[in-house]
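Note sheet for the following structure.
The values are calculated or read from the model by the stated rules, or taken from the named source; none is laboratory data. All values derive from a computational prediction rather than experimental measurement. Don't worry about glycine lacking a Cβ; one is built from the backbone with ideal geometry, like all the others, and counts go over all protein chains shown. The protein model used for the area step is the full one, side chains on, heavy atoms only, and it has no ligands, DNA or RNA in it. Shrake-Rupley method; radii C 1.70, N 1.55, O 1.52, S 1.80 Å.
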Amino acid sequence: MALFQEIFAASRAWRWLILIGASCLSFVAWGADLKIGVISSLTGPVSALGIPYEKGVRVAHARMPAVAGHKVEVIVLDDASDPATAARNARKLINEDKVDVLIGTSGVPGAMAIAAVAQELKTPLISPTPVSLPGPGHDWTVSASQPFPLMVAAVAGRMKAEGVRTVAFIGFSDALGDLAYDSLVRSAKELDIEVVANERYARGDMSVAGQVLRMISKRPDAVFAGNSGTPGALPYLELAHRRYAGRLYGTHGLINADFVRVGGEAIEGLEVPSGPVLVAEQLPADDPIREVSMAFRATYQKLYGAPPTDAFSAYTHDAYLVLADAVSRVQGGAQPGTPEYRQALKDAIVSTRELVGTHGIYSFRPDSRYGLDERSVVIVRMTGGQWKLAVQSPPASQ
């Protein structure tokens, strides 16, 4: 009863959840269990993202252990930050555990590997990570994350407003780095900002001294890092060591406690894009995203004894919301555990419309893997060891 009392006390943004919960009570007999296969990087270089991802699913499951008459079983596997392991996990979850949907994983390369398996085995994938999958051949995947071009465009707009004319790029030497760099080049060109360097490093590297020295030699007004998690702190630490005084920007992949701890004073003033959940209490009181975000935070604190300090747990929480909404709209009478149900579930997911989450308001289309728009982006600034909603800074000196 406590769960349903909590749901009935929730805001209007959760009314559809109330209907789902109420519908569960009307069933004389439960339908087949719904199985969710979660793949996350609980160990390895991407674990700073992967651990929060698992927590977000647990929070959502605690709120909704049953959806539309189906008890929900969550199976979590660790991919150890390895794309090949992520793909093997996906095959195991689908072929052996008979899951109806996948959620995962914590890095772009791993998410792309899972997407290939999801497409082959015709199982819906809701990725909490932005994935770059061109063409019509990956229509079993959607992302609960903001697309990189959208987030980077917001950062480029911030650069323009702050008087930045030249920016140096440093990022991972993998798919995420490529995605971030391509997005930056496109947005910077539109705003007449010159990208003067393209430096890369591996997630496991211990030094980027050479890359940073080459960037500084270009005398850029700003540095933008296309990276994520704890390894994302490395360039900022080296820039601080070299006493670089320009502006610092990054991606939404940096919003986690370990990055803040490792970055320390070197990341003071860093500006990155984020979903509204990170600064929910600073949003207008009537904002529906604020309401859902505060409800998410309350359940997270109840479950883990402290409020979330990252934006990543909210992505998998939103993935679960997308799934729960889709399950309530599955057509045709198919039952979980069957190919017919997976097809119907996929069709329901891609027809999601105006679903309020913590990171934004989701509306998918059959030809789009992303469901978030400009309402899902704010710019936050590292101030005194905490992320704060950014206030416009004065233009850089010319």
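When the stretch 296-319 is filtered for residues that are more than 19 Å from Leu49 (Cα to Cα) and open to solvent by 20 Å² or more (accessible area, probe 1.4 Å), the ones remaining, listed by number, are Ala298, Lys302, Gly305. Just one of the numbered conditions (1) surrounded by 18 or more Cβ atoms within 10 Å (Cβ to Cβ); (2) touching a helix residue (DSSP H, G or I) at 6+ places or on another chain (Cβ under 8 Å); (3) among the aliphatic types (A, V, I, L, M); (4) not in a loop (DSSP other than H, G, I, E, B) is not true of Ala115: (2). When Pro149 is tested against (1) in contact with a strand residue (DSSP E or B) (Cβ under 9 Å, 6 or more places away or on another chain); (2) open to solvent by 30 Å² or more (accessible area, probe 1.4 Å), exactly one condition is not met: (1). Taking Gly210 as the residue in question, decide whether it is in a loop (DSSP other than H, G, I, E, B) and open to solvent by 10 Å² or more (accessible area, probe 1.4 Å). So Gly210 fails the test. Tell me whether the stretch 258-279 contains one or more residues that are without any contact (Cβ under 8 Å) to a residue 60 or more places away in the chain, outside any helix (DSSP H, G or I) and buried (at least 24 other Cβ atoms within 10 Å of the Cβ). Within the stretch 258-279, not a single residue is without any contact (Cβ under 8 Å) to a residue 60 or more places away in the chain, outside any helix (DSSP H, G or I) and buried (at least 24 other Cβ atoms within 10 Å of the Cβ).
The condition (being in a helix (DSSP H, G or I) and among the basic types (Lys, Arg)) is satisfied by just one residue among Arg186, Arg243, Arg203: Arg186. Within the stretch 290-318, being over 20 Å from Val74 (Cα atoms) and in a helix (DSSP H, G or I) holds for Arg290, Glu291, Val292, Ser293, Met294, Ala295, Arg297, Ala298, Gln301. The set of residues in the stretch 347-381 being among the charged types (D, E, K, R), touching a strand residue (DSSP E or B) at 6+ places or on another chain (Cβ under 7 Å) and not in a loop (DSSP other than H, G, I, E, B) consists of Arg375, Arg381. From the list Val330, Val377, Val322, the one residue that fits, being surrounded by 16 or more Cβ atoms within 10 Å (Cβ to Cβ), over 19 Å from the mean Cα position of the chain (by Cα) and of a type outside the set (Phe, Trp, Tyr), is Val330. Checking each residue in the stretch 214-256 for being aliphatic (A, V, I, L, M), in contact with a Lys or Arg (Cβ under 7 Å, 6 or more places away or on another chain) and open to solvent by 10 Å² or more (accessible area, probe 1.4 Å) picks out only Ile216. Based on this model, can you work out whether Val38 counts as open to solvent by less than 50 Å² (accessible area, probe 1.4 Å), assigned to a strand (DSSP E or B) and either under 17 Å from Gln335 (Cα atoms) or without any contact (Cβ under 8 Å) to a residue 40 or more places away in the chain (or both)? No; evaluated as a whole, the condition is false for this residue. Pairing each residue of the stretch 317-343 that is among the aromatic types (Phe, Trp, Tyr) with any residue that is open to solvent by 70 Å² or more (accessible area, probe 1.4 Å) and part of a loop (DSSP other than H, G, I, E, B), provided the two are 6+ apart or on different chains, yields C-beta distances under 9 Å for Tyr341/Gly332; Tyr341/Gln335. In the stretch 79-95, the residue that is surrounded by the fewest Cβ atoms within 10 Å (Cβ to Cβ) out of those that are charged (D, E, K, R) and under 20 Å from Leu176 (Cα atoms) is Asp82.
Here Thr316, Thr309 are screened, and the one residue that is more than 20 Å from Leu372 (Cβ to Cβ) and either polar (S, T, N, Q) or within 14 Å of the chain's Cα centre (by Cα) (or both) is Thr309. Does Ala62 satisfy the criteria of being modelled with pLDDT of 95 or more and either out of contact with any Asp or Glu (no Cβ under 9 Å at 6 or more places or on another chain) or under 21 Å from Ala295 (Cα atoms) (or both)? Considered against the rule, which asks whether it is modelled with pLDDT of 95 or more and either out of contact with any Asp or Glu (no Cβ under 9 Å at 6 or more places or on another chain) or under 21 Å from Ala295 (Cα atoms) (or both), Ala62 comes out as yes.
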